[in-house]
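This report refers to the structure that appears directly beneath it.
The values are calculated or read from the model by the stated rules, or taken from the named source; none is laboratory data. Treat the numbers as computed from the prediction; the structure is a model and nothing was measured. Positions of Cβ are generated from backbone atoms using ideal geometry, with glycine treated the same way; all protein chains shown enter the neighbour counts. For accessibility, only protein heavy atoms count, side chains too; no ligands or nucleic acids. Shrake-Rupley method; radii C 1.70, N 1.55, O 1.52, S 1.80 Å.
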Amino acid sequence: MAATFLAFGAAVQEAGLSPGWALLACWGIYGMPGQLVLVQAAAMGWAGGVGAAVMGAVAVNARFLPMAVSLAPVLSAGNRRRLLPAVPFIAVTPWAAAMRSLPAIERQLRISWFLGFGLTSWLVAGSAALSGFYIAGLLGAEARAALLFVNPLYYALLLTADLDKPAPRRAVLCGAAAAGLAFLLPSAMALLAAGLLGGTVAFLLGRRRAAG
């Protein structure tokens, strides 16, 4: 995650934006795809308008909604208002770590664990983005591109570690099978359609297995 945000800070500097902008975008959004949408829009002078850029960032970060839905019952089965402080920290890294670690933690301690992990990740992300801004001149274009892919690779390895469990195995296999749609559909909707199809099939197979 730190490597990814290091590349984000370098991208902000390359776009001609300020270090404060990098920190605000990082801590205010805390979702790399949405942050990159805003960087691109700002670098182009907000050609399509601020509203379009914001809506684009919201759309690409819509994946946080199913993460929140799946995480809520694991965090707490009681008063859902206690979950509100955890909302800003729902992102790929905290979510993946929580789904692996929380079942082994006493329920009354789970929110505290998640807040501690999420806040630490948030601070690391901001610090890495700021560092990336100031060392941007030392990173070539290839290095920045490679760093941006470290976080998705980390997430993929987390899923691979759970392939011995039925649900993650279904998700990985159905997602891989649906990925071929990316070559058949327009680029603007290919990955979204593949993810929706693969995830839906995995969910339905899980329901069928549970019913059987």
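Remarks
- Failed item in (1) at pLDDT 85 or above; (2) farther than 22 Å from Leu119 by Cβ; (3) buried (at least 17 other Cβ atoms within 10 Å of the Cβ), with Met67 passing the rest: (2)
- Flag for Ala176 being in a helix (DSSP H, G or I), over 26 Å from Ala86 (Cα atoms), open to solvent by 40 Å² or more (accessible area, probe 1.4 Å) and at pLDDT 80 or above: yes
- Of the residues making up the range 152-170, those that are open to solvent by less than 70 Å² (accessible area, probe 1.4 Å) and more than 18 Å from Ala98 (Cα to Cα) are Pro166, Arg170.
- Residues being of a type in the set (Ser, Thr, Tyr) and open to solvent by less than 30 Å² (accessible area, probe 1.4 Å) - total across the range 70-88: 1
- Just so you know, in the range 94-140 the residues that are outside any helix (DSSP H, G or I) and touching a residue at least 40 places away in the same chain (Cβ under 8 Å) include one that is surrounded by the most Cβ atoms within 10 Å (Cβ to Cβ), and it is Leu139.
- Only one of Ala10, Ala15 that is farther than 20 Å from Ala97 by Cβ, surrounded by 14 or more Cβ atoms within 10 Å (Cβ to Cβ) and in contact with a Phe, Trp or Tyr (Cβ under 8 Å, 6 or more places away or on another chain): Ala10
- Residue in the range 48-60 that is modelled with pLDDT under 85 and either in contact with a Phe, Trp or Tyr (Cβ under 7 Å, 6 or more places away or on another chain) or closer than 18 Å to Arg144 by Cβ (or both) present: yes
- Scanning the range 22-57 for residues that are open to solvent by 30 Å² or more (accessible area, probe 1.4 Å), within 26 Å of Tyr154 (Cβ to Cβ) and not β-branched (Val, Ile, Thr) yields Leu23, Leu24, Trp27, Gly28, Pro33, Leu36, Gln40.
- Of the residues making up the range 126-156, those that are closer than 20 Å to Trp95 by Cβ and hydroxyl-bearing (Ser, Thr, Tyr) are Tyr154, Tyr155.
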